[in-house]
Each structure stands twice: as C-alpha cells, then as structure tokens.
1. Does GLU385 fit the bill of being at pLDDT 95 or above and out of contact with any Lys or Arg (no Cβ under 7 Å at 6 or more places or on another chain)?
2. Return yes when ILE345 is of a type outside the set (S, T, N, Q), assigned to a loop (DSSP other than H, G, I, E, B) and within 19 Å of the chain's Cα centre (by Cα) and no when it is not.
3. Looking for whichever is crowded, with 23+ Cβ neighbours inside 10 Å and among the basic types (Lys, Arg) here; the options are ARG299, ARG225, ARG240. Which one fits?
4. Might you check whether a residue that is closer than 23 Å to ALA347 by Cβ and either in contact (Cβ under 8 Å) with a residue 60 or more places away in the chain or assigned to a helix (DSSP H, G or I) (or both) occurs anywhere in the range 251-258?
5. For the condition under 21 Å from GLU26 (Cα atoms), in a loop (DSSP other than H, G, I, E, B) and not assigned by TED's automatic domain parsing to the domain that holds ALA355, what is the one hit in LEU131, LEU174?
6. When you look at ALA219, is it more than 17 Å from the chain's Cα centre (by Cα), crowded, with 23+ Cβ neighbours inside 10 Å and within 15 Å of ALA140 (Cβ to Cβ), yes or no?
Amino acid sequence: MSLSFNWNNPVNVIFGSGKIKLLGEEIKKYGASKVLLITDAGLKKAGVVENILEHIPADIKCETYTDVIPEPPMESIAQCAGRVKEGGFELLIGLGGGSSIDVTKVVAVMATNEKSLPELCGVDNVEKPGLPTIMIPTTAGTGSEVTPIAIVTNEKEHLKVGIVSSHLFAKTALLDPQLTVPMPPRVTAATGMDALTHAIEAFISVNATPMSDVLALEAVKVISRSLRKAFANGEDIEAREDMHYGSLLAGMAFANAGVGAVHALAYPLGGEYNIPHGVANALLLPYVLDSNMIACLERLALIGETMGVVPSGASLKEKAMQAVAAVDDLSSDVEIPRSLKEVDIPADALEKLAAAATKVTRLLANNPRRLSEDKILEIYKMAYEG
C-alpha cells in the first residue's frame, strides 16, 4: 500500500523558557494596534496577567477580559463575544488553560461570522476567518494552542460540544514553560494526564498517520517520564519543559488524528456534573483502553515499549496489558480519582451518561473499536466501581 495522508497545522510555534519576551514582536507582526487579552480571574489574581502586560509595547493599546470560567458555557462565551465586537480589536490573545484558549478561538470567529454560536458547532460550519490570535498556554495539557478545535458547554443540554474548523487555528502559539511553574499539583496532574490521553488516543485512532504517530509517541515518552516529577516539584523546570513540550506534541497529533472514546465518554461527565475535563479523561482512560485492547493490541504494545514498562519476552497481549497498567499506575501516582464514585457520580446516572456518550459520534468514529451503548454502559460501570 502506498503512503498517503493529509497534514494540517499552520500555527507558528515559539517554544522555550523566557520566550514570553517575544510577545510584543509577535503582535507587531500582525500590524495590530489594539488587542484584547482574554483570560480568567485566577491568573489576574496571581499576577500573571500583569506580567504578560509588561511584554506588550506601550504604543499598543491592550485591554483585558478576565471573566472566562472553566468548561465555558455558551452564555459566557456570548458575553465575551459581545465585548470583542464592541471593542474594535484587531488581534486577540488567549492566556491560560484550555478554557481561555478555546473561548479566544470562538470569539475570534464570532467577530467575523454572522452565525450564532450554536450554528457554529460541528464540523466546518465557520465560513470566514476570524480575528488573528496569539495563544499563551499556562497549563501543560490541552494542546489547544495548536488545534482547530474548541470545546464549549451547551448548558441547556448539559453536554459538551465541539467546533471544528481550520479557521480556529491560532496565528502564533507562544509556549514558555516558566509560565507553568505556578500550577498547583492537582492541576499539573489533571492537565498532564489530559495531554497523555490526547497522545494515546491520537496513536490508536483509526485516522492516525505516520506523522501523527511520531508526535504521539514522543509525547507519550516525555510525559510519562516527567509528569510525576512535575507533580512532586513544580519548580523542576526540566520536568515543566517536558510537560509543555509533550502537551504541544500531543495537540499537534490529535489535531490531525483525532481523539476517541475516552473523550466521548468524558464529555457527559463535564457537561452534566462539571467534572474537570482532564480529571474525566484521566479517570476513564484505563477503562476505555482495556475495552479497546482487542482492536489495537499492536499499538498499545508500542505505547508500553515507549513508556519503558514492557518486560523482555512478553507476548503482544502482555505488552498491551502492561501499557494499560502503566497508565493506571501513573494516574494513581499523581492522585487522580480512581472511580466515578470518588467524584460523586450516582450509580443511577450511568445509563443516562451512556445514552449521552453515544451522541458524541464525531469522536466515537475515531475509536479503534466500535462501541454500542451497552458496551459504553459497561465501561462506565467498570469506572464506577474502580
């Protein structure tokens, strides 16, 4: 079979400790004289916003929007979009975790497209390019700074939904690992396991390509060797660099290969019960991989080899099982909840969750195993008991 695939990632990536000092130069590249910095109240309180503003030249007018909330609901995004439309901004800067970056992506295209936010949801429903954006992630997890995807919460249906369009790609992703040092251990764990989930799901996706495979496996390698260190000591800059780099690689991998059933099953947990996205993914990951194993033994075995946990002479299935066990051990070591019980999901909610997950067809289509509603319910039951 001849080699054939598509690859799409036009984002200009700037990576390295201290690189935040280049922010002013990047803004000027796009000829912007008035910009809006979009972030959350926590980063403002921590002094991060003030630090970022110091790197914006005095001749550029910069305003701030600090009302982004986690797992952003549509109503909140619409409020930010109103600020953007009224302000006459020429460029937007997204600062923070996945929520701030995703909100920035969405409001950038809402400023130039007439469709309502619900109409933009789905694949390729954004007709026109948005305002140019610069993304500055302060967590090492979502990889959203290099993806054409934004996730929003439909508060009426209690479900997370995706907006997928090449118009969501940022112009520049500015990744400075120093900005991730203040992350508390709990956030380091959740975002780090989120990045690992992206890498693994991209690698076992039915849409994986040779290029996404290289990125995904390298992400697995650096994240699995450094997440424990970053969790234990947030000032370990080498570990922080690894985690930021691994998150970037995983983002580039799943931007092209997609993610699968872990995310599909995690969405209802976030939409219905406000479980943080990274926690939901990390909690479900071992159980979904165990279910998927029959469809991707070879690929899980390679993940196990990449993580350095495969004993010599092991069979293919043993290697795959070791990979799942290693993921479970890593999750446990960074104190991720081990069961749905621990995050207060009631047993009588599992059937409703399974029905909701079946609606996330965009992601289930990427999964290596076809999952019926009964099989999804079975996975939730395993995750419930832990």
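1. Details: at pLDDT 95 or above: no; out of contact with any Lys or Arg (no Cβ under 7 Å at 6 or more places or on another chain): yes.
Considered against the rule, which asks whether it is at pLDDT 95 or above and out of contact with any Lys or Arg (no Cβ under 7 Å at 6 or more places or on another chain), GLU385 comes out as no.
2. no
3. On the way: ARG299 fails: crowded, with 23+ Cβ neighbours inside 10 Å; ARG225 fails: crowded, with 23+ Cβ neighbours inside 10 Å.
From the options ARG299, ARG225, ARG240, the qualifying one is ARG240.
4. Taking the range 251-258 and keeping what is closer than 23 Å to ALA347 by Cβ, we get none.
No; the residues of the range 251-258 include none that is closer than 23 Å to ALA347 by Cβ and either in contact (Cβ under 8 Å) with a residue 60 or more places away in the chain or assigned to a helix (DSSP H, G or I) (or both).
5. Numbers: LEU174 fails: in a loop (DSSP other than H, G, I, E, B).
It is LEU131.
6. Values: more than 17 Å from the chain's Cα centre (by Cα): no; crowded, with 23+ Cβ neighbours inside 10 Å: yes; within 15 Å of ALA140 (Cβ to Cβ): yes.
Against the criterion (more than 17 Å from the chain's Cα centre (by Cα), crowded, with 23+ Cβ neighbours inside 10 Å and within 15 Å of ALA140 (Cβ to Cβ)), ALA219 does not qualify.
Residue-wise test of (1) polar (S, T, N, Q); (2) within 23 Å of the chain's Cα centre (by Cα); (3) part of a helix (DSSP H, G or I).
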{"residue": "TYR287", "(1), (2), (3)": "no, yes, yes"}
{"residue": "SER291", "(1), (2), (3)": "yes, yes, yes"}
{"residue": "ARG299", "(1), (2), (3)": "no, yes, yes"}
{"residue": "LYS319", "(1), (2), (3)": "no, no, yes"}
{"residue": "SER331", "(1), (2), (3)": "yes, yes, yes"}
{"residue": "PRO337", "(1), (2), (3)": "no, yes, no"}
{"residue": "ALA355", "(1), (2), (3)": "no, no, yes"}
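Here is a yes/no grid of residues against (1) aliphatic (A, V, I, L, M); (2) outside the structural domain of LYS160 (by TED's automatic domain parsing); (3) closer than 23 Å to ASN207 by Cα:
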position: GLY278; (1), (2), (3): no, yes, yes
position: VAL288; (1), (2), (3): yes, yes, yes
position: SER291; (1), (2), (3): no, yes, yes
position: LEU297; (1), (2), (3): yes, yes, yes
position: GLU305; (1), (2), (3): no, yes, yes
position: GLY308; (1), (2), (3): no, yes, no
position: LYS317; (1), (2), (3): no, yes, yes
position: LEU330; (1), (2), (3): yes, yes, no
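The values are calculated or read from the model by the stated rules, or taken from the named source; none is laboratory data. Please read these numbers as outputs of a predicted model, since none were measured by experiment. Neighbour counts run over all protein chains shown; Cβ positions are idealised from the backbone, glycine included.
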